[in-house]
Structures are given as structure tokens and as C-alpha cells.
Number of protein chains: 2
Amino acid sequence: MATLIAPSDHSPQEDAEALRDAVKGWGTDEKAVIAILCHRDAYQRQLIREAYQDLYEEDLIKRLESELSGDFESAMYRWILEPAERYALLANVAIRNASKDYHVIVEISCVLDPEELLVVKRAYQNRYKHSLEEDVAAHTSGHLRQLLVGLVSTFRYGGDEINARLAKNEADILHEAIKDKKHNHEEVIRVLSTRSKTQLVATFNRYRDEHGISITKKLLDEESDDFLKAVHVAIRCINDHKKYYEKVLRNAIKRVGTDEDGLTRVFVTRAEKDLKDIEELYYKRNSVHLEDAVAKEISGDYKRMLLTLLGKH
Amino acid sequence: MATLIAPSDHSPQEDAEALRDAVKGWGTDEKAVIAILCHRDAYQRQLIREAYQDLYEEDLIKRLESELSGDFESAMYRWILEPAERYALLANVAIRNASKDYHVIVEISCVLDPEELLVVKRAYQNRYKHSLEEDVAAHTSGHLRQLLVGLVSTFRYGGDEINARLAKNEADILHEAIKDKKHNHEEVIRVLSTRSKTQLVATFNRYRDEHGISITKKLLDEESDDFLKAVHVAIRCINDHKKYYEKVLRNAIKRVGTDEDGLTRVFVTRAEKDLKDIEELYYKRNSVHLEDAVAKEISGDYKRMLLTLLGKH
């Protein structure tokens with residue numbers, strides 16, 4: 001379930017006018033910006049951008065960029081974008097820092113369903129005049145490259161069929177590949193990057209049935225290099241992306257200094273989708289409300305914005 | 001230019017009735033089947049299939065399969081399919097015999113533009129309940145697998161921009177990768193499978209400018225394993241697919257026993273596209289008309305069918 005609270009009807013024109021009032025002249029009324037934009041869904045925000053452009057012949061996003069700053073600006077910029085555009089931006093930022101942020105590329109390619117990923121690839125090409133694939137390939141190397149390029153490239157089958165024999169077979173392949181320390185990367189990459197998500201979940205279940213331990217736990221046993229870490233993220237995202245995002249939030253919050261990028265990413269991408277479920281998982285796992293944990297870590301307009309997206313304002 | 005001669009208007013219902021007359025009872029009037037279906041374009045053939053289904057509650061394709069035989073049946077079956085379905089079938093047949101027919105997979109992934117390839121991938125999933133990617137990956141291995149999976153997976157950028165610096169850079173990368181015999185497969189695969197076709201053509205041109213020889217000629221210098229042969233096909237298909245198909249025809253015809261699969265494939269996939277240009281290239285290169293060469297090699301209804309597709313009946 002989503003956490004975003006948006007009115008069922010609104011006037012894009014009035015919203016645009018109110019935003020204009022909030023940004024014009026000296027200083028900016030950040031509260032007003034949050035009160036409007038963080039209570040509108042993706043389609044409503046698009047209409048506001050268009051109304052603002054028509055009324056003031058100015059790009060609302062550019063204007064907000066020049067008015068806001070820091071984590072708040074970065075979060076608002078990501079939030080206001082249309083989802084596919086936003087994923088394209090997140091992917092591009094991650095690619096340019098791929099040695100650290102490869103997990104974001106894995107996330108996008110494994111959480112989205114095949115049709116959604118295709119729309120993101122189109123948005124990426126529109127925005128950057130390159131394919132997502134070529135940029136990932138040009139900024140990475142070795143097995144990690146093979147895995148990442150495989151994950152972003154494949155147009156996976158989206159059907160619900162499960163081939164039980166194949167699941168057993170490939171659970172064994174994954175087991176062999178992981179246990180012998182030499183890591184048969186080829187086969188791990190093939191299975192993870194080409195099979196349908198439904199089939200992969202069946203394979204992971206089979207793995208647990210056979211070996212009494214989940215494949216992700218098994219992966220953590222090993223000394224993990226970046227390749228294995230990326231494999232770990234891929235499996236978690238395919239298996240249960242909500243639990244994965246709970247952990248992203250947990251790590252972002254408990255880290256000394258807070259990982260604002262992680263925090264922002266989960267809030268802006270999930271507020272209209274399933275942030276409510278992620279919030280509940282967070283409470284179950286940490287015995288602290290996400291709202292309280294976030295409120296303690298961050299401050300100012302950025303805090304107000306995230307809590308609004310969480311449905312708390 | 002196409003060679004197919006199709007009337008601008010026709011009655012799908014009358015065509016369906018005439019086909020019914022041709023197949024009903026003892027024996028089949030193959031000439032009538034050819035006269036109708038090999039003078040209709042893809043959309044017209046679809047309408048005929050639908051009309052036939054409506055009138056006789058029977059699948060025209062299945063009926064023809066049971067009435068016809070040999071190379072003629074195989075060619076007619078491929079011809080009657082809608083182009084994306086046909087490519088899906090061609091890919092599937094090639095995958096099941098990938099050690100010999102991997103060049104067909106390369107062809108499909110490199111000749112089609114990105115949007116066309118996407119439609120083929122959808123048709124493949126519809127027909128086989130798997131992704132094209134996973135089937136290619138499961139039937140191949142090693143570097144050849146990496147190349148083939150890369151080529152079929154990537155949703156290439158379809159824009160016309162050329163980055164001249166990148167072309168020089170990657171021409172050098174390809175040169176280094178090919179000349180040192182160790183073959184840096186990784187980089188060859190990355191460049192060929194992710195860059196846009198326009199960019200790749202610029203890279204191949206740059207290669208020729210710098211090294212005074214085309215990259216495909218250079219590849220033939222080496223002792224070619226399957227990987228290098230597949231690279232060769234990919235480059236030819238991206239560079240000039242008409243010249244590539246001329247050579248497929250030449251090889252198919254000059255081979256002892258004729259390669260009917262190759263012959264059929266070029267005729268059914270190009271008759272509505274550019275078989276006229278390929279025919280001209282054939283004459284230029286062989287000083288024999290394609291029509292005469294084909295007529296000498298094959299016979300019967302199969303010959304009549306191909307010559308009709310070539311616009312000679």
C-alpha cells in the first residue's frame with residue numbers, strides 16, 4: 001500500500017499559481033511547496049508541471065532547483081519527475097559512480113517488472129541519447145559488468161508459468177556455483193539475468209528446501225566481493241523487494257551520518273507504491289516506527305518532505 | 001525495394017474460398033495456393049487467415065501443413081506467418097540447433113532495428129512462454145553465449161547521433177582485441193552488443209580509415225572459431241545487411257545440395273522488404289541472374305514459390 005495522501009481532485013492551474021507564489025521574490029516558502037507537491041500523485045504532478053509551463057513559460061523543475069538546496073532539493077527533484085524519468089535519472093547517477101552504487105542498477109533492473117523496465121529504458125534513451133545498456137557496460141568491468149549488463153538488458157518473460165524441473169536443476173547449478181568458491185559466474189549470471197522472476201522465485205524456494213538455508217544467507221557466508229554483493233541484491237530484489245527496501249532504510253538510518261541518497265530513493269520511489277508495507281516491515285524488524293527513526297536522523301524541510309510522503313503531515 | 005507483387009485490393013473472403021477449393025478433397029492445387037498467398041502482403045495474408053478461420057472454423061496454417069510437404073511446406077509455413085511470428089519461429093529453430101545455426105540468431109538481432117526486435121521478442125514470448133534471451137542462454141555456452149545473449153538482449157539506442165571520439169576509441173579497442181590473437185572477447189562483446197547501429201557503422205568506418213582494411217576482412221585473416229564467425233556475421237549485418245544476404249544466397253546456391261533453409265529464409269524475410277536490391281547485388285557479384293541460379297538448383301512447387309516471391313510469375 002502507498003503512503004502518499006493525494007486529493008482525488010485538484011486544480012493543476014491553482015496548484016501552479018500557489019507554487020509560483022511560493023517561489024517568487026526573495027526567499028521560498030518551502031512548506032507550501034511540500035504541502036502541494038508531496039500531496040499529489042505522479043499524474044497530478046505532471047499536470048502541474050504543464051500548467052506551470054503554460055502560465056509562466058518556465059520549467060517548474062528548473063525553478064525549484066534554483067530555489068531549493070541540499071538533500072531537500074535533491075529529494076524534491078527526484079520526487080517531481082515522472083516515475084520512468086526518475087528511474088532513468090537514478091540509474092544514470094548510479095552508473096557514473098558504479099563502483100559504489102551498482103546496487104541501485106541491480107535494484108532498478110530486478111524490482112521493476114519487464115514492461116516497466118522497458119519504459120525506463122525508453123526514458124533513459126530520451127534523456128541521455130544512449131541506451132541504458134551501453135552506459136552500464138562502459139562504466140563497469142569484469143564479472144560485475146556481465147551481471148549488470150545482463151540484468152538491465154534482458155526483456156524477461158513476464159508470465160506466471162513455473163517449470164519445477166528447471167527450478168530444481170537451476171537451484172543445483174546455483175548451489176554448485178556458490179559453494180565451490182571459484183564461483184561459476186557464467187551460470188549464475190545466465191540464470192539470474194534471463195529467467196522470469198516467477199521462475200527464479202521457484203528456484204530460490206527449491207534451493208531453500210534442498211539445502212535448509214536461503215541462498216541469500218548462503219551468499220553472506222562467503223567472502224563477498226562486489227560481484228557476490230550484486231548477486232545478493234538481485235536475489236533479494238527478485239524474492240521480496242519490500243524486505244529489501246526495509247533493509248536499505250535500516251542501513252541508511254543506522255549509518256553514522258545517515259545515507260540520504262538511500263533514504264530519498266526509497267521514499268520517492270515507493271511512496272506511491274508500497275511504502276506502507278515497507279514501514280510495517282520496518283517496525284516489525286526494528287521495534288521503532290520508521291517515522292520516529294527518520295525524524296531523529298534528519299531535519300528541516302527535508303524531514304518535513306519525507307514525513308509528508310510517509311503520510312504523516 | 002520489395003519483389004513481392006501484391007494487388008492493392010483483394011477480397012480476403014474470396015481468397016479464403018479459393019484456398020479452400022485448392023486444399024479440399026483429394027490432392028492439393030499447389031499452384032493455386034502459390035498464386036494466392038505469394039501475391040499477398042503480410043497484412044493481406046493475416047486477413048485471409050482470419051477469413052478462413054471464420055468461414056471454415058479451421059486454422060489455415062495447420063491445414064496447409066497437412067496438405068503440403070518438404071521444402072515447399074516449410075517455405076509456405078514461414079511465409080504465411082506474420083513477420084514477428086516468423087522471426088520468432090526462425091529464432092527458435094536456430095536456438096535448438098545453435099551450434100550450427102547461431103548465425104541466424106545473430107542475423108535477427110543485428111538486421112532488425114531495436115523496435116522491430118522488441119516486437120519479435122514479444123512474439124517469441126507469446127509463442128514459446130519463454131524469453132528469447134533465456135532460450136539463447138540455455139542452449140549456448142562460453143564466449144559465443146555471451147555474444148549472442150548480448151546481441152539479442154540489448155534494447156539499443158535507435159538515434160542517429162555519432163560520437164566521433166568514441167568511434168575512434170572503440171575502433172582502436174576492436175583492433176587491439178582482434179590483432180593480439182588472444183582476443184579480448186569482453187570488449188568486442190561490449191561494443192558490438194551495446195552501441196547503437198549508427199555509432200557502430202561509424203566505428204567500422206573509422207577502423208577502415210585507420211587500418212586500410214575493413215574489420216570483416218581482418219577477421220577472416222584469423223583462424224576463425226565460432227565466436228569470431230559470429231562476430232563477423234554481426235558486423236556484416238550491422239554494416240550492410242543486403243550485401244550480407246547476397247552472400248547467404250550465394251553460399252546457399254553454390255553449396256553441393258543447396259542450403260534450402262538459407263534460401264527460404266532470405267526469400268521469405270526479404271521479399272516484402274529489399275529482395276530487389278539483394279537480387280541486383282547478386283547479379284553484380286555473380287554475373288548470373290538470381291532467378292536463373294535458383295531455377296537451376298531447385299524444382300517443383302518450391303521453385304515456383306520462390307520465383308513468385310521474386311516477382312517472376
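The values are calculated or read from the model by the stated rules, or taken from the named source; none is laboratory data. All of these numbers come straight from a predicted model, not from anything done at the bench. All Cβ positions, even for glycine, are placed from backbone atoms using ideal geometry, and neighbour counts span all protein chains on display. Just so you know, the surface numbers come from the protein's heavy atoms only, side chains and all, with ligands and any DNA or RNA stripped out. Shrake-Rupley method; radii C 1.70, N 1.55, O 1.52, S 1.80 Å.
Couple of notes before you dig in:
To keep it simple, each residue is scored yes or no on (1) outside any helix (DSSP H, G or I); (2) farther than 24 Å from A:A271 by Cα; (3) charged (D, E, K, R).
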residue: A:A6; (1), (2), (3): yes, no, no
residue: A:D9; (1), (2), (3): yes, no, yes
residue: A:A32; (1), (2), (3): no, no, no
residue: A:I48; (1), (2), (3): no, no, no
residue: A:E58; (1), (2), (3): yes, yes, yes
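- If the condition is being free of Cβ contacts under 8 Å to residues at least 12 places away in the same chain, surrounded by fewer than 15 Cβ atoms within 10 Å (Cβ to Cβ) and not aromatic (F, W, Y), then the stretch B:6-53 contributes B:S8, B:D9, B:S11, B:E14, B:D21, B:K24, B:G25, B:G27, B:Q53.
Matching residues to (1) of a type in the set (V, I, T); (2) touching a Cys at 6+ places or on another chain (Cβ under 6 Å):
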{"site": "B:L151", "(1), (2)": "no, no"}
{"site": "B:I162", "(1), (2)": "yes, no"}
{"site": "B:E170", "(1), (2)": "no, no"}
{"site": "B:E176", "(1), (2)": "no, no"}
{"site": "B:I189", "(1), (2)": "yes, no"}
{"site": "B:L220", "(1), (2)": "no, no"}
{"site": "B:H232", "(1), (2)": "no, no"}
{"site": "B:I238", "(1), (2)": "yes, yes"}
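- Filtered by the rule that a residue be closer than 27 Å to B:G159 by Cβ, without any contact (Cβ under 8 Å) to a residue 60 or more places away in the chain, more than 13 Å from every other protein chain (Cβ to nearest Cβ) and assigned to a helix (DSSP H, G or I), the stretch B:100-130 gives B:I105, B:I108, B:E116.
- Condition check for B:L228: modelled with pLDDT of 95 or more and either open to solvent by less than 30 Å² (accessible area, probe 1.4 Å) or within 21 Å of B:S193 (Cβ to Cβ) (or both): no
- When B:E73, B:E107, B:E115 are screened for being surrounded by fewer than 20 Cβ atoms within 10 Å (Cβ to Cβ) and closer than 25 Å to B:V233 by Cα, only B:E115 passes.
- Within the stretch B:4-39, the set of residues being hydrophobic (A, V, I, L, M, F, W, C) and either over 26 Å from the mean Cα position of the chain (by Cα) or outside the structural domain of B:D59 (by TED's automatic domain parsing) (or both) comprises B:L4, B:I5, B:A6, B:A16, B:A18, B:L19, B:A22, B:V23, B:W26, B:A32.
- Boolean, A:T203 is within 13 Å of chain B (Cβ to nearest Cβ), among the hydroxyl-bearing types (S, T, Y) and open to solvent by less than 10 Å² (accessible area, probe 1.4 Å): yes
- If the condition is being more than 12 Å from the chain's Cα centre (by Cα) and either assigned to a helix (DSSP H, G or I) or aromatic (F, W, Y) (or both), then the stretch B:66-78 contributes B:S66, B:E67, B:G70, B:D71, B:F72, B:E73, B:S74, B:A75, B:M76, B:Y77.
- The stretch A:246-267, residues that are open to solvent by less than 10 Å² (accessible area, probe 1.4 Å), farther than 14 Å from A:R285 by Cβ, within 16 Å of the chain's Cα centre (by Cα) and not small (G, A, S): A:L263, A:T264, A:V266, A:F267
- Criterion applied to A:E67, A:E85 was being open to solvent by 30 Å² or more (accessible area, probe 1.4 Å) and within 24 Å of A:S299 (Cα to Cα), and the one residue passing it is A:E67.
- When the stretch A:273-313 is filtered for residues that are in a loop (DSSP other than H, G, I, E, B) and within 18 Å of A:G70 (Cβ to Cβ), the ones remaining, listed by number, are A:I298, A:S299.
- Test: A:T216 is more than 14 Å from every other protein chain (Cβ to nearest Cβ), surrounded by 16 or more Cβ atoms within 10 Å (Cβ to Cβ) and in contact with a helix residue (DSSP H, G or I) (Cβ under 7 Å, 6 or more places away or on another chain): yes
Residue by residue, here is whether (1) of a type outside the set (D, E); (2) in contact with a strand residue (DSSP E or B) (Cβ under 9 Å, 6 or more places away or on another chain); (3) at pLDDT below 95; (4) not assigned by TED's automatic domain parsing to the domain that holds B:R40 holds:
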site: B:R265; (1), (2), (3), (4): yes, no, no, yes
site: B:A271; (1), (2), (3), (4): yes, no, no, yes
site: B:K276; (1), (2), (3), (4): yes, no, no, yes
site: B:E280; (1), (2), (3), (4): no, no, no, yes
site: B:Y283; (1), (2), (3), (4): yes, no, no, yes
site: B:S287; (1), (2), (3), (4): yes, no, no, yes
site: B:K303; (1), (2), (3), (4): yes, no, no, yes
site: B:L306; (1), (2), (3), (4): yes, no, no, yes
site: B:H313; (1), (2), (3), (4): yes, no, yes, yes
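- For the stretch B:248-269, filtering for residues that are β-branched (V, I, T) and part of a loop (DSSP other than H, G, I, E, B) leaves 2.
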